[in-house]
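Each reported figure results from applying straightforward, stated rules to the coordinates on display, with no laboratory input. Keep in mind that what you see is a predicted model, and the values were worked out from it rather than measured. We place every Cβ from the backbone using ideal geometry, glycine too, and count neighbours over all the protein chains shown.
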Amino acid sequence: MTSDDHVLHGEAFSVVLEADGAGAPLWRYFGPRLPDGVLPGAGLRQTRPIPSFSLDEDMPLSVFPLFGLGGFSTPALLAHRGGRDFAHGFTACVVEWVEAGRRLRIQMEDDVAGLAVAVDLAGVGSGAALEIRTTLINHGTSELDVSWLAAAVLPLPSSVERVRSYSGRHNREFAPFEDRLSPASWVRENRRGLTSHDAFPGAVVACEDATAQAGLVYSAQLAWSGNHAQRIDRLEDGRRCWQLGEWLAPGEVRLTPGERLSSPEVLAVCSSDGFDGAAQAMHAAVRERMTWPSGAMAPRPVHLNTWEAVYFDHKLEDLKTLADLAAEAGVERFVLDDGWFHRRHDDRAGLGDWTPDKDKYPDGLGPLAEHVVGLRMAFGLWVEPEMINPDSDLYRAHPDWCLHLDGRPRSTARHQLVLDLARDEVVDHLFGQIGALLDALPITYLKWDHNRDLAPAGHEGRAAYRLQIEGAWRLMDRLRASWPHVEIEACAGGGGRIDAGIIRRTHRFWTSDCIDAVSRMEIQHGFLQFMPPEIMGAHIGASPSHSTERSQALDFRAAVALPGHLGLEFDLRTMSAAEREELAAWIALYKRLRGRLHTGKVWRGEAGDGVAWQAHGDEDALILFAYRLAPPVDKYAPRLRLPMLREAGPMRVRRIAQPASHRRPRSSAPAFAAMAQEGLVMDGAWLALDGLPLPEMATEACDIFELIRERT
Ligand code: DGJ
């Protein structure tokens, strides 16, 4: 290392920056971990003759490319002062270690435009991921109008050729699609005011030959619950540049003299182990961001969520019966969903009035909560604090408390408007209302919903998207500080607010309102690319499914939900005693496995001929789910290859007995009988290269295996 280079090593990645005098350091490398001491050997400009028709000064990609003075790549900053100071160039730069070898701060000044930029880089998740954030400060004497501030600028090698990102809608989150990278820019933007169902704020960029478990892959996600933009542009040297940041509405950010704008963080990873390697690094980074009530995650309790069981039809006796049946089946947390508060008989009224409805709960929620707690279950409550129905006492008292623009329609969605959280009195009011519930009742869990996009997000005539998110986060932080034993679930019509920003103050995501197990396979696959399984709300729903009206057997619904944070979401009163027994056995299996399902790595793959698989744990001990999603074409089942076990040595493979179901017996073979008993010892290399034989399976069914490394 020379004094001009700055090297930050993670567990699986390295960053090499090259000092550039007063300018921003140049991006020399972000890629798989370099051996200690390995450096480029020559300065970047020393290796690049100036091409024809170019400025005489070479301007390679830096950590913060600027506009107007000769850098022609996409700038990290777009800002001006009433049309002036549109061009920027740094006049001083200081790089220092905030924490040796782990946290690097780059501070840059533009004396002419009167602004400063700080870029912070850190290894997070025990070095699995790189975290970057950027801060802009207005050192000038007039307002600085900002329309773009990249949270991170990442270099990508020329070898990456495709980008996988996610689209979707309510009831169908995380629909993956791939674009080929070309000289045209690749752009995804979200202007919905919350994270969104249709544009997850992250992506995966891969080499042509990258697979689920092999090949070079980069992934990044923006830790932000609001508007966002990400783009990938080709550079003149063949590399690509990936920028992620907050999408800013016109006039939304005008920094007064001395004011600063801090970007959300970006989590970035790179892996030579394909999409799963990148996912595992993301899981480590997200796990590190979370704050659990007792300092560490407790085993994820089995939920019962009342929504699809009773919807708005709350009757105390019915709910008590539901709680009895839930407790009998082994449920550990009872979450009372929408429908409990003042005049909430459907979705047209009540939001904003957070007191129990007197007709449904004449004695308040106490009797139900006490009943639940008496059954040794925790009590959770649904709220949607940011929302207000025009038909509510709160709106009648404070019609000006919602986001609005004078002279423009107040557009409702699901008959509701959005409270303006840029107003301190609104945040204080909500803190008081929710706090009163937390004080009065034994609530240890809030399901925090948000059921619409923002339009218009107007506060005193200006765009207030980011103020809204900051207000919501502030409210959550205040509640958590005062009631630290309360966990929060982030929900927005299912998975409309899944991001690494809100996870600093929440503990679970409601992944989707679609609980159909077949649909859930792909939704959960996408979720797990960025988030770990223990925060993936996964429920056993009704059959037929309320969202798709498809029917699936209980064992399949259970096996699809089992790897996540398990819950139930249907009316248990509709089940026979035998079905409830089967359900209880699945819950018992979840409790036996959850310690291993929720702490290690996750791999996902396709065995071929309609079989998908998912493995949790590590190379010493794995829980493996093999799902048959379509009827087989071949006479014999495919072998399921487990590439991560190549070096593992002998593994004992056991087939986990599933709770008895209605399925007819299938033809078996001796190896599967052995697997069901003492287990079959197979070498990891064999499992990696040839694969695990699979039994004959019904369609929409799952087989579960346990693979434990043999002690030698
Ligand atoms: C949307 C959520 O995703 C559902 O789970 C449920 O809580 C409803 N809102 C209640 O209105």
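Some notes on this structure:
- Length added when fully stretched, HIS345-GLU606, from 0.36 nm per residue minus Cα-Cα: 89.5 nm
- Relative to the current alpha-carbon distance between ALA440 and LYS635, full extension at 0.36 nm per residue lengthens the span by 64.0 nm.
- Ascending count of other beta-carbon atoms within 10 Å, so fewest first, for TYR395, TYR636: TYR636, TYR395
- Among THR256, THR444, THR511, the order by Cβ neighbours within 10 angstrom, fewest to most, reads THR256, THR444, THR511.
- The modelled label-to-label distance between LYS315 and THR141, using points 7 Å beyond Cα along the C-beta direction, is 7.5 nm.
- Kyte-Doolittle mean at least 0.0 and Cα axial length at least 15 Å: DSSP H helices in the chain: 316-329, 424-440, 517-530
- The Cβ shell under 10 Å around GLY125 holds other residues with a net charge of -1, Lys and Arg each +1, Asp and Glu each -1.
- For GLY684, net neighbour charge (Lys/Arg +1, Asp/Glu -1) across residues whose Cβ lies under 13 Å away: -3
- Derived from the Cα gyration tensor, the three semi-axes of the equivalent ellipsoid of the stretch 303-599 are 32, 22, 18 Å, largest first.
- Per-selection Rg to Rh, the stretch 136-188 - Cα, Kirkwood hydrodynamic radius: 1.15
- Computed FRET value (nearest 0.05) for ASP198 with LEU55, which takes r as the C-beta separation and R₀ as 51 Å: 0.80
- Part-to-part distance (alpha-carbon centres) for the stretch 515-588 and the stretch 330-349, which is given in Å: 20 Å
- Reducing the stretch 413-433 and the stretch 368-403 to their Cα centroids gives an inter-centroid distance of 12 Å.
- In this simple spin-label approximation, GLU460 and GLU161 carry label points 7 Å from Cα along the Cα→Cβ vector, and these lie 5.4 nm apart.
- Given charges at Cβ of Lys, Arg, Asp, Glu: the chain dipole, positive-most of VAL560, GLY21, HIS80: VAL560
- Dipole magnitude for the chain: about 1040 debye, using +1 per Lys or Arg Cβ and -1 per Asp or Glu Cβ, origin at the Cα centre.
- The chain: C-alpha gyration tensor shape, a/c 1.5 cut-off, then a/b vs b/c: oblate
- Annotation: lysines with alpha-carbon distance below 28 angstrom to LYS358 (same-chain offsets under eight excluded): LYS315, LYS320, LYS447.
- Loop-located GluC sites (Glu not before Pro) in the stretch 626-712 (DSSP state not H, G, I, E or B) with no more than 13 neighbouring Cβ atoms inside 10 Å: GLU647, GLU678.
- Hits among aspartates and glutamates - C-alpha to C-alpha of LYS601 under 18 Å, sequence gap 8 or more where chains match: GLU11, ASP273, ASP276, GLU288, GLU534, ASP618, GLU619, ASP620, GLU647, GLU706
- Environment charge of LEU115, counting only residues whose C-beta is closer than 14 Å and scoring Lys/Arg +1, Asp/Glu -1: -3
- Low-density loop positions, trypsin sites (Lys or Arg not before Pro), the stretch 333-385 - DSSP coil, at most 12 other Cβ in 10 Å: LYS358, ARG376
- With neighbour counts taken as other beta-carbon atoms within 10 Å, the residues THR195, THR74 rank, fewest first, as THR74, THR195.
- Descending semi-axes in whole angstrom, ellipsoid equivalent of the stretch 548-656, from the Cα gyration tensor: 27, 19, 12
- Along the stretch 140-147 the Karplus relation, 6.51 cos²θ - 1.76 cosθ + 1.60 evaluated at θ = phi - 60°, assigns HN-Hα couplings of x, 9, 10, 5, 10, 8, 10, 10 Hz to successive residues, with x for each Gly and Pro.
- In the stretch 100-169, one over the average inverse separation of all distinct C-alpha pairs is 15.2 Å, which is the Kirkwood hydrodynamic radius.
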